[in-house]
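Remarks on the structure that follows.
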Amino acid sequence: MPRSDPQATTDGPDCEFTRFVATRWRALTHTAFLLTGDFHEAEDLVQTTLARVYPHWRRIRSETAEHYVRRALVNANRSRHRRRRIVHFLLPVLPDTRPAREDGTGVGGVAEHDALVRVLSQLPRRQRAVLVLRYCEDLSAEETADILGCSVGTVKSQASRALAKLRSHPDLARDSLTSRLGEAR
């Protein structure tokens with residue numbers, strides 16, 4: 001609402017929603033990026049999720065709002081995969097053209113981050129969602145299971161499988177080996 005609007009209030013569900021979005025936008029976009037692997041799709045996913053949540057905001061308790069929106073974000077990402085999509089021929093992110101450091105980690109660890117994002121995008125959706133929620137969002141196994149609508153055992157087994165795939169991936173193994181060699185010097 002414009003500040004000059006005399007009808008504008010500082011209380012109520014609309015202001016609570018606006019405050020929530022303002023404080024959580026970056027974290028939600030980061031989570032969505034890790035789920036989608038593409039910054040633009042991540043922003044679209046967050047906007048779609050918030051548009052779906054907004055009509056129900058009056059019924060959501062403030063102490064459960066974060067959990068509710070996170071669950072809606074994961075569900076919206078699932079729905080996004082179910083729909084038939086047009087294949088993107090453009091690169092999802094611009095390539096880093098800055099020179100790499102001698103230790104091979106790239107500028108500010110860009111190479112390592114890029115490899116991790118690429119490998120995450122190759123994981124099945126559920127495994128990726130488990131890793132993002134458990135290790136990037138730092139949620140417990142119980143919270144992750146609740147958001148994904150599965151058992152704690154499923155979360156643990158999916159995390160174990162996904163971590164095994166990450167450990168065995170040649171790009172990540174090479175990056176971690178390079179960083180170990182750099183520390184040993």
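The values are calculated or read from the model by the stated rules, or taken from the named source; none is laboratory data. As the structure is a computational prediction, the values presented were derived from the model and not from experiment. Don't worry about glycine lacking a Cβ; one is built from the backbone with ideal geometry, like all the others, and counts go over all protein chains shown.
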Residue pairs within 7 Å by beta carbon, gap of at least six or interchain, first lying in the stretch 128-149 and more than 13 Å from LEU73 (Cβ to Cβ), second of a type in the set (S, T, N, Q) and not in a helix (DSSP H, G or I), listed first then second, are ALA145/SER151
Among residues of the stretch 119-151, those that are surrounded by 14 or more Cβ atoms within 10 Å (Cβ to Cβ) and part of a loop (DSSP other than H, G, I, E, B), counted: 4
Within the set of pairs 6+ apart or on separate chains, which have a first residue in the stretch 34-46 that is closer than 17 Å to CYS136 by Cα and in the same structural domain as ARG70 (by TED's automatic domain parsing), a second that is among the hydrophobic types (A, V, I, L, M, F, W, C) and not in a helix (DSSP H, G or I), and C-beta atoms under 9 Å apart? GLY37/VAL93; ASP38/VAL93; PHE39/VAL93
